[in-house]
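Below is one structure; the comments refer to it alone.
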């Protein structure tokens, strides 16, 4: 897959809750070692992990160099992690940096499914995702398209802007979303989105590097001074 990443599907269902992580071990790749990864799927789906190559000689590098279609014995420890209680919020803003989408996308899918089942059947949500390469959007291309058609406001950013690239570029006509070139100002962007919220309660769900997390904290803190709407903040940092 793009971004030096391989997708690992495990034939286990309904054993964990959306938003949790687990330790995985593949003895034939790296005997006696376990590595933590977010379960990039809803609890009703087959278990899935995205493993990005982080350097030569290690587990991720060896796995990425192997045949992608090969079947392995995978040992799972877990699941671990507290589950964010998002069912109490009418609107949710998801913010992800790179692989942080493996945590936020399943939570977004669960939010969409729950919103469609309520009395109004209206999905009020925003999904902000910053990636180093536009190719990485293919990790969740189907999920993004489904989210757009469900009514989620999708904001995508390619941080490795080309020399001639400025402004914004369309991704695909079918998906109906735009990929902006350049690194987003999360603090300003999130503050702007929060200022336009009309719901009775809103949650901000963030998974990304420390700067993205800190900028999100500032945005939520500033917004709380300007609105009477309750804002919940849920964070996973890497």
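Worth pointing out:
- Across 126, 104, 191, mean-square fluctuation computed from a Gaussian network of the chain (C-alpha pairs under 10 Å connected) peaks at 191.
- For region 1-94, the convex hull spanned by the alpha carbon atoms encloses 117 Å³ per residue.
- Relative exposure of 93, 26, judged by other C-beta atoms within 10 Å (fewest first): 26, 93
- Calculated diffusion of region 43-156, Stokes-Einstein form, Kirkwood radius summed over Cα pairs, 37 °C and 0.692 mPa s, µm²/s: 203 µm²/s
- Folded to 0 to 90 degrees: helix 186-195 orientation relative to the chain principal axis, Cα: 50 degrees
- Ellipsoid semi-axes for the chain, based on the Cα gyration tensor and the rule √(5λ), read 30, 21, 17 Å when sorted largest first.
- Each Cα pair under 8 Å and six or more residues apart adds its sequence gap; the mean of these over the residue count of the chain is a relative contact order of 17 percent.
- Packing-based ranking of 197-205, 222-230, 4-12 yields 197-205, 4-12, 222-230, ordered from highest to lowest mean Cβ neighbour count within 10 Å.
- Using a Gaussian network model of the chain in which every pair of alpha carbons under 10 angstrom is joined by a spring, one finds that among 65, 42, 20 the greatest mean-square fluctuation is at 65.
- The order of 21, 35, going from fewest to most other C-beta atoms within 10 Å of their C-beta, is 35, 21.
- Counting beta carbons within 10 Å around each of 206, 105 and listing the fewest first gives the order 105, 206.
Taken together, the values in this text are just the output of simple stated rules run on the coordinates, not laboratory data. Everything numeric here is computed off the predicted structure, so don't read it as measured data. Note that we place each Cβ from the backbone using ideal geometry, even for glycine, and neighbour counts take in every protein chain shown.
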